[in-house]
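The values are calculated or read from the model by the stated rules, or taken from the named source; none is laboratory data. From a predicted model like this one, the values you see are computed outputs, not experimental measurements. Cβ placement follows ideal geometry from the backbone for every residue including glycine, while neighbour counts extend to all protein chains displayed. Calculation scope for accessible area: heavy atoms of the full protein, side chains included, ligands and nucleic acids excluded. Shrake-Rupley method; radii C 1.70, N 1.55, O 1.52, S 1.80 Å.
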Amino acid sequence: MDANPPLGVVLHAIGGLASAVFYLPYRKVKHWAWESYWLAGGIFSWIIAPWVIASLAVPDLLNVLRHAPLKSAFWSYFFGALWGVGGLSFGLTVRYLGLALGTSMALGYCAAFGTLLPPIFSGQITEVIRTTSGMIVMAGVAVCMFGIAISGLAGISKERELPETEKKAAIKEFSFVKGVWVATFCGIMSACMSYGFAAGKPIAALAVSHGASELWKNLPVLIIVLAGGFTTNFIWCLALNIRHRTAGDYFKLNQAAPHENPGLRAEGVPLLPNYFFCAIAGTTWYLQFFFYGMGTSKMGRFDFSSWTLHMASIIIFGTLVGLYLSEWKGVSRRTRWLMKLGLVVLVGSTVVIGYGNYLAKVNTPSAGATQSEPGGG
């Protein structure tokens, strides 16, 4: 494998940026219920973009998928379906808490479960703790968790300080209690994306054997994982469409006047712009895992740390987007100091993890060699 951890860190950062900004185009969608624009954008996220990009980048894609090991394909799809539950609840997390606090809380759980459990279950954790580079990577993961905690404290402090009117201005449906419960559930379930990539490693290897570049090898895996995510999101959004009687959103050209004020004129619904903004949001959302897959391919022996890098990047850019949207306007100096400290610690964690993976690459024995890395057992 042509490992290049510094490049991997940069690719994960680009993916984090895509994740942090994808929700912004949804704010331009008018007169549609949440479930309607989430599903419309999701079709681009989970179906259209994965197939189009993989078809362009992976030779013989259909044969790769046709001959994918059944066990690997099943578990990739299964974890994708579980991740899908977390994915749709992330939309609710942002809806109730805003980008800054919602992202920090949900991704704290997600980083812990998604980073540590795959190497524990695979047995790789023994190799990790017996090498100097592995311990540096684990230290970087710990630093990231610390940074997430600080960012979470900053978000909670912000929530306590802002008047209710300002919270509602920045986040129209702000609800701290609802948001905390949804964020907790979201973080745990969203970690399943990491397990889906781990389960799909045989499929990635098959893609390489069919001529795919190491950089693009995870794209077929992403098709399967996101198909699972599409399944759960489609079922849930369709159920909400039926329950809320919003299925007509996808076709209606006019928004009827509200019952409480029938004297108002019906408003036109910008149908094509709504689909356009959903397409932009959905495709941008997909790009986070497009770059995540490329970044993972460059991290080397300890590629499980990719999940931590992804989470750290999302929180860093999510906080910056929150600043741009004035979610931190009016908070105290102490809260701003916590927010900035969290950013610095998170950026530092990506440097530590990247350095640990770089050491692992430098000290990896060449083929046929038997010596172990300095500091190893």
Of the residues Leu97, Leu222, Leu56, which exhibits the maximal mean-square fluctuation in a Gaussian network model of the chain defined by a 10 Å Cα contact cut-off? Leu56
In the full protein assembly as shown, how much of Arg334 is accessible to a 1.4 Å probe, in Å² to the nearest 10? 150 Å²
Magnitude of the charge dipole, the chain, Cβ model with Lys/Arg +1 and Asp/Glu -1, debye to 20: 580 debye
Mean-square fluctuation maximum in Gaussian network of the chain, Cα pairs under 10 Å, restricted to Met339, Met189, Met135, hits Met135
Could you let me know the centre-to-centre spacing of region 33-48 and region 172-250, using Cα atoms, in angstrom? 12 Å
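Take every Cα pair under 8 Å in the chain that's 6+ residues apart, average their separations, divide by the length, and report that relative contact order as a whole percent.
41 percent
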Options (1) 22.5; (2) 21.5; (3) 20.1 for Kirkwood radius over Cα pairs in Å; the value derived from the coordinates is listed as (2)
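Would you rank Ile242, Ile316 by solvent-accessible area, highest first, keeping every protein chain in place and using a 1.4 Å probe? List each step's numbers first, then the result.
Values: Ile242 120, Ile316 25 Å².
From most accessible down to least: Ile242, Ile316.
Which entries in the list Lys71/Lys178; Lys178/Lys217; Lys298/Lys340; Lys201/Lys361; Lys30/Lys201; Lys217/Lys361 go over 31 Å, if you measure between the two C-alpha atoms of each? Could the numbers behind the result be given before it?
Numbers: Lys71/Lys178 37 Å; Lys178/Lys217 39 Å; Lys298/Lys340 29 Å; Lys201/Lys361 20 Å; Lys30/Lys201 41 Å; Lys217/Lys361 20 Å.
The pairs that break the limit, which is 31 Å between Cα atoms, are Lys71/Lys178; Lys178/Lys217; Lys30/Lys201.
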Under a 10 Å cutoff between Cα atoms, tell me which one of Ser209, Ser72, Ser306 has the largest fluctuation in the Gaussian network model of the chain. Ser209
